[in-house]
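Asker: The structure follows.
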Amino acid sequence: MLNRIRQIPLYILAILLLLFTGLPFFVMVSTSFKTQIEFMSAPWSLPESFSFENYRLLLESEFFRFFFNSVIVSVISVVAVIVLGAMASYPLARMRFKLNRPLFILFLVGMMIPIHTTLIPIFLLTKNMGLYDTIWALPGPYIAFALPVSIVIFTQFLKDLPKELEESAKMDGCGPFRLFWKILFPLLTPAVATVAIYNFIQIWNEFIFALVLTNSEENATLPLGLREFYGQFSVNVPGIMAALTLGSLPLLLIYLVAQEKIVKGIAAGSVKG
Amino acid sequence: MENNAKKWNVEQGDDRGSSKVYPPPAPVRVDQTKKKRKKQDFWVIVGFLGPALLIYGLYVIYSIAMTFYYSLFEWSGIDTHMVFAGLQNYITLIGDHVFWTSLQNNFLLVAASLLTQLPLGLIMALLLFSPIKGMRFFRSIYFMPFLMSTVAIGILFIYIYDGNFGIVNQILGQLGLESWQRGWLGNEETAIWAVIATVCWQFAPFYMILFRAAIVGIPEELYEAAEMDGASSRKKFLKITLPLLIPTIITSSILSIIGALKYFDLIYVMTDGGPNNSTELMATYMYEQTFTNFNMGYGSSISFSMFIIALFVTLIIIVFDQKRKGAN
């Protein structure tokens, strides 16, 4: 009994923090089911009847174009980061050469660089490459800025694999590329998961490169599209809330399914970074 | 290599019985194998590292150098008319009071991040280890803000802070604090604090995750031993948990400081630096100068200053960390 009473402050604290973190979500989701008239008369009360009208309108809008742009850009970038990052980590982790340490540090430095420092040259570079205002402008910078963390994670993991793996493969006459893809890469699965999760969240939500490197609505990614919606329909609060809810849904759903993995991936990705 | 070996054998066979002594073959062969392997290694290194280095070099290294180069020019960025101005942009920058306001706001954000996000994250992480029922549920909700895109958060909080129907004002009304009600983002005095609170909401869960991972890593035996000695839970926290969390606290501080120095998205969406530059940050000011006012040269000088400041701050932290490690 005494223990129970002692726990009361803990519960109060836990519930206060729950309100702090959860209330904005709750407000967002519940408002999205209201009609505009209902919102006007009682902005923050619970919806009286669940109206899916806002969501129906979203389905008819450009929303899914933004969504697909985001999917394409994120998937391409994450896959490329995994392939390029893992490959680059192989010599850095398992071979001795003069430039090994300097190159690794060069990649490390990338983690503290404010991306804004590169924004203007990347903007001009993208224009010169003829990629400006296409979704293909985005994977380049996304990959480049995701490489440092990914390389740190991969090299750490590769260093821990036993040396004998390569020696026996080399004895069997296995070339370096086959050795890497057939023998080492399959063993990297946990690191691949970490890299994929960490970078997917970052890239899915990325805003400033998308803002600067694309212009027309048809090439907007989801964050940009949400802002577009807000600009056009800011008076229609329930409509905007529906867009925000739907836009946040993919990551939240993935999170519900793979909570432990995501939490671990983020912890590993940032601490090593 | 194989050819060489054959030759050697043949020669040896021919001269069998003669008094001529051949030098031992081993050093020559090893030398050549080494050379060949080195050459092969070189191509493996290039093949594996090359693609990543190319992209990284182009988008990161080259771009930083070019930012510095552009910052030396008077240039709109729209046409090709560039006038070399030397360090004029930097001289203008030093006299630009908006830049100083933005720098000040960046450091305010750094301080606020350290003082709110980290402690809050630590409290949340510790709560996750307390004997509370339904902890999994609490944890799931606590973490959710971090998964939302900054743009979505910005838009959501614009409505939350709204002067007419915002929920902050509604709650204040319920509590009988009508005099506190205001349009939080439209007010020069409160806008920056409203933004800082939002940043805290977004990132506290992230530090919770880092601290949780670190606490999980603390060996259980330490607590068991302390319990045997009859240590109170407060003492256990101060003598075991906290000291062992110091590396994580340092990592988190670095992340938090660097994050605050390059903050952009939320401010851009919520206030765009306003009202009257009161929430301007270096990044938003750079964006405004470059892409709204078309002063690409001047914008580049702000960009490059951000880089130097971030580099400088990181170096200071690293030096301090090394000293601390040396002292231990």
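Any read-out appearing in this document is the output of simple, stated calculations on the displayed coordinates, not a laboratory observation. From a predicted model like this one, the values you see are computed outputs, not experimental measurements. Cβ placement follows ideal geometry from the backbone for every residue including glycine, while neighbour counts extend to all protein chains displayed.
Asker: Between the helical axis of B:118-128 and the dominant principal axis of chain B, each derived from Cα atoms, what acute angle in degrees is found, rounded to the nearest 10?
Answerer: Helix B:118-128 and the main axis of chain B meet at about 90 degrees.
Asker: Which links in A:Lys98/B:Lys36; A:Lys159/B:Lys262; A:Lys98/B:Lys325; A:Lys98/B:Lys39 stretch past 25 Å when you go from one Cα to the other? Present the calculation step by step, with values, prior to reporting the outcome.
Answerer: Numbers: A:Lys98/B:Lys36 17 Å; A:Lys159/B:Lys262 32 Å; A:Lys98/B:Lys325 28 Å; A:Lys98/B:Lys39 14 Å.
Pairs exceeding 25 Å: A:Lys159/B:Lys262; A:Lys98/B:Lys325.
Asker: How high is the FRET efficiency from A:Lys159 to B:Gln174, r the C-beta distance, R0 60 Å, rounded to 0.05?
Answerer: Calculated transfer efficiency: 0.55.
Asker: Which longest run of chain A has no exposed loop site in it, a site being trypsin sites (Lys or Arg not before Pro) in a DSSP loop with at most 14 other beta carbons within 10 Å, and the site itself not part of the run?
Answerer: In short, A:164-273.
Asker: Hey, got the average number of other protein chain Cβ atoms within 10 angstrom for residues in A:120-128?
Answerer: Values: counts 17, 14, 7, 5, 5, 5, 1, 0, 0.
That average works out to 6.
Asker: Further, regarding this structure: Calculate for the protein assembly as shown the 222 nm mean residue ellipticity that helices alone would give, adding -39,500 (n - 2.57) per DSSP H run of length 4 or more and normalising by residue count, nearest 500 deg cm²/dmol.
Answerer: -22000 deg cm²/dmol
Asker: Over what distance in Å are the Cα centres of the stretch A:139-198 and the stretch B:120-149 separated?
Answerer: Taking the Cα centre of each part, the stretch A:139-198 and the stretch B:120-149 sit 33 Å apart.
Asker: Once both labels are modelled 7 Å past Cα along the beta-carbon direction, what's the B:Trp43-A:Leu46 spacing in nm?
Answerer: A separation of 7.1 nm, rounded to one decimal place.
Asker: Can I ask one more? May I ask which residue of B:Val151, B:Ser252, A:Pro139 lies farthest towards the positive end of the charge dipole of the protein assembly as shown, with charges of +1 (Lys, Arg) and -1 (Asp, Glu) on Cβ and the Cα centre as origin?
Answerer: Of the options given, the answer is B:Ser252.
Asker: Right, next: Over the whole of A:13-21, what's the average partner chain Cβ count within 10 Å per residue? Rounded to a whole number, please.
Answerer: Taking the mean over all residues of the peptide, I get 6.
Asker: Can you give the net charge of the other residues whose Cβ lies under 13 Å from the Cβ of B:Arg182, counting K and R as +1 and D and E as -1?
Answerer: -4
Asker: Rounded to the nearest whole Å³, what is the per residue volume of the convex hull around the Cα atoms of the protein assembly as shown? Spell out each step's value before the answer.
Answerer: Values: hull volume 140.3 nm³, N = 601.
Residue-normalised Cα hull volume stands at 233 Å³.
Asker: Sticking with this structure for a sec: Take the alpha-carbon centre of the stretch A:3-30, take the same for the stretch B:169-199, and report the distance between them in whole Å.
Answerer: The stretch A:3-30 and the stretch B:169-199 have Cα centres separated by 21 Å.
Asker: Just in the stretch B:182-285: which GluC sites (Glu not before Pro) are loop by DSSP and have at most 13 other Cβ atoms within 10 Å? All intermediate terms of the calculation are to be shown ahead of the outcome.
Answerer: Values: sites: B:Glu188, B:Glu189, B:Glu220, B:Glu221, B:Glu224, B:Glu227, B:Glu280; in loops: B:Glu188, B:Glu189, B:Glu280.
Here the sparse-neighbourhood loop sites are B:Glu188, B:Glu189.
Asker: Could you give the DSSP H helices of chain A that reach 18 angstrom or more along their long axis (alpha carbon positions) and whose average Kyte-Doolittle hydropathy is no lower than -1.0?
Answerer: Membrane-span-like by this rule: A:2-32, A:63-94, A:139-159, A:189-204, A:237-257, A:259-272.
Asker: What is the mean number of Cβ atoms from other protein chains located within 10 Å of the Cβ atom of each residue in peptide A:83-91, rounded to a whole number?
Answerer: Neighbouring Cβ atoms belonging to other protein chains average 5 per residue here.
Asker: Among B:244-253, B:125-134, B:314-323, what's the highest-first ranking by average C-beta atoms within 10 angstrom per residue?
Answerer: B:244-253, B:125-134, B:314-323
Asker: Under the definition of Cα pairs under 8 Å and six or more residues apart, what whole-number percent is the relative contact order of chain B? Please report the intermediate quantities before stating the final value.
Answerer: Numbers: 310 pairs, mean separation 86.3, N = 328.
Across chain B, relative contact order equals 26 percent.
Asker: Placing +1 at every Lys and Arg Cβ and -1 at every Asp and Glu Cβ, with all other atoms neutral, what dipole size does chain A have around its Cα centre, in debye to the nearest 20?
Answerer: Values: 19 positive and 16 negative charges, 251 e Å.
Charge dipole of chain A: 1200 debye, to the nearest 20.
Asker: Also, I was wondering about something else. Order of B:196-204, B:34-42, A:130-138, A:37-45 by packing, highest average Cβ count within 10 Å first?
Answerer: Put in order of decreasing packing, that is B:196-204, A:130-138, A:37-45, B:34-42.
Asker: Let me ask something else. Would you mind calculating the gained length between B:Lys325 and B:Ser232 on full extension (0.36 nm times residue separation, minus the Cα-Cα distance), in nm to one decimal?
Answerer: Residue separation times 0.36 nm, minus the Cα-Cα distance, leaves 30.6 nm.
Asker: Next question. Using the Cα centre as the reference, give the magnitude of the dipole from point charges on the C-beta atoms of the protein assembly as shown (Lys, Arg: +1; Asp, Glu: -1; all else neutral), rounded to the nearest 20 debye.
Answerer: 2820 debye
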